[in-house]
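Laboratory data are not the source of any read-out in this text; all were calculated from the coordinates shown. Quantities reported herein were computed from a predicted structural model and do not represent experimental measurements. For neighbour counting, all protein chains shown are included, and Cβ atoms are generated from backbone atoms with ideal geometry for every residue, glycine included.
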Amino acid sequence: MNKLFPTQEIGSLAKPPWRVKAYRGEPLTQEEIAEAVEWGRRLGIENTEDLVKILTKHEKTPEDRKAILEWAALYAIRFFETAGLDIIFDGEQWRSEMYEHVIRNVEGFKFLGYVKSFDYRYFNKAACVNKPKYVKPFYVDEFVFARKNTEKVVKVPFTGPYTLVDWTFNEYYEREAASQTRDFKQRKASARREFLFDLVKEVVRPEIAKLIEAGAKWIQIDEPAATTNPSDEEMRLFVEAFNETVKGFNCTFSLHNCYSNYRVLAKYACQLRNCNQLALEFANRDNLQTGIGEIRVGYRELRIFEEHGYRGNYGLGVIDVHTDFVEPPELVRDRILHAAKIVGDPDRIFVSTDCGLRTRKWNVSFEKLKNMVLGAELARKALG
């Protein structure tokens, strides 16, 4: 983008109670319906009476459930637009959860139950019980709807293959590997590698191809598990999988990684091919005082990426998504200016939240995003 310090969302936004309960077919309270109407008014959304009719129906048809997803996505799109962001998606309103949404739409997996991910959030963990098979697109309809309903730059969050493999029990491939070797370590490594690259070939790349065919220009690969196994062998496997995922596509790709060991990731970041941006979290590591320089303790590891030769762009986390504290624009400004000084080129800084905002209520998220946009504007003015 030509604009200095463009602002972007990272991915998820909390699903409103009316979206969750209505999609499940549960009755809504008057307060929940009123909340949908009020946010519709605040976001300038027309014909919300049509939404209310669906929400108040006793029996929801498949068409009603799809309409609920579309309404929620439209609300999220207008939410980000109204907050002033430059690069947006739909807050992942179509998705049950970043992991489950993919696995549920692919053959070869069996869900085993919920495990805790962070805070009070859980995900439905699965086992790979057969070779993964691509059945149908799982992001394309969502992207097409978002693209049709905004003039902003659209960035599609895409759960990465390394994380999908790391969060899944590898029953099928380990069983296959057991018939070839008795060496436990070798068997585990061989099974993991085969699972990962089968998933890339059979599922991930076909979906990326369909997204690009539908008009996607920018895909963000989400890999929260990237440094879970920080050995050199595993990090090289992660890099190889990323490079194989994006190889040959005419599209902008970025990597989002949060709550990880950046001292490890920094060593390998420059080996990522066709990776235009690293979206990283820093705000939750930082203090709340204004100023630049040594006071910005949360951004020290940014320098390590530079020292290891990474020269792409940064999606700079300036908003902590795990607290209701609303960062003042001046604090956002100073975090941006500090990072720009470290990097030496302000054009390489994109302004982001640390991660998705799915753990925050909409009122809090909206104020955080507005101040992020204001802070980016103050940073532009500071550089004159």
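Reducing segment 352-377 and segment 1-70 to their Cα centroids gives an inter-centroid distance of 19 Å. At q = 0.06, 0.11, 0.14 Å⁻¹ the log10 of I(q)/I(0) for the chain amounts to -0.24, -0.80, -1.26, computed by Debye summation with a single uniform scatterer per C-alpha, solvent ignored.
Mean residue ellipticity at 222 nm, helices only, the chain: -13500 deg cm²/dmol; runs of at least 4 DSSP H residues each add -39,500 (n - 2.57), and the sum is divided by the number of residues.
Within a straight-line Cα-Cα reach of under 30 Å, LYS188 can be paired with the following lysines, leaving aside sequence neighbours fewer than 8 residues apart in one chain: LYS110, LYS116, LYS125, LYS131, LYS133, LYS136, LYS201, LYS247, LYS267. Using the Cβ-Cβ distance between ASP183 and GLU213 with R0 = 51 Å, the FRET efficiency computed as 1/(1 + (r/R0)^6) comes to roughly 0.75. Oblate is the label for segment 44-98. Its Cα gyration tensor axes, ordered a ≥ b ≥ c, give a/c of at least 1.5 and b/c at or above a/b. Straightening the chain between GLU63 and LYS381 buys 109.7 nm, computed as 0.36 nm per residue apart minus the Cα-Cα spacing.
Straight-line reach from LYS152: taking Cα to Cα under 25 Å and skipping same-chain neighbours fewer than 8 places apart, the lysines in range are LYS3, LYS15, LYS66, LYS210, LYS217, LYS361, LYS368, LYS370, LYS381.
For the chain, relative contact order (Cα pairs under 8 Å, six or more residues apart, normalised by length) works out to 18 percent.
Let a ≥ b ≥ c be the square roots of the eigenvalues of the Cα gyration tensor of segment 164-277; is it rounded (a/c under 1.5), or, if not, prolate (a/b larger than b/c) or oblate? It is oblate, given that a/c is not under 1.5 and a/b is not larger than b/c.
Near PHE80: Cβ cut-off under 9 Å, other residues only, Lys/Arg at +1 and Asp/Glu at -1. The net charge is -1. Scan segment 283-384 for GluC sites (Glu not before Pro) in coil per DSSP, keeping those whose Cβ has at most 12 other Cβ atoms within 10 Å, and list them by number. In loop regions of segment 283-384 (DSSP not H, G, I, E or B), the sparsely surrounded GluC sites (Glu not before Pro) are GLU294. With the simple model of a label 7 Å out from the Cα in the direction of the Cβ, THR56 to ASN284 spans 4.1 nm. The alpha-carbon of LYS148 sits under 12 angstrom from the alpha-carbons of these aspartates and glutamates, leaving out residues fewer than 8 places away in its chain: GLU70, ASP90. For segment 248-320, the equivalent ellipsoid derived from the Cα gyration tensor has semi-axes of 24, 13, 10 Å, listed largest first. Can you give the net charge of the other residues whose Cβ lies under 9 Å from the Cβ of VAL321, counting K and R as +1 and D and E as -1? Every neighbour counted, the sum reads 0.
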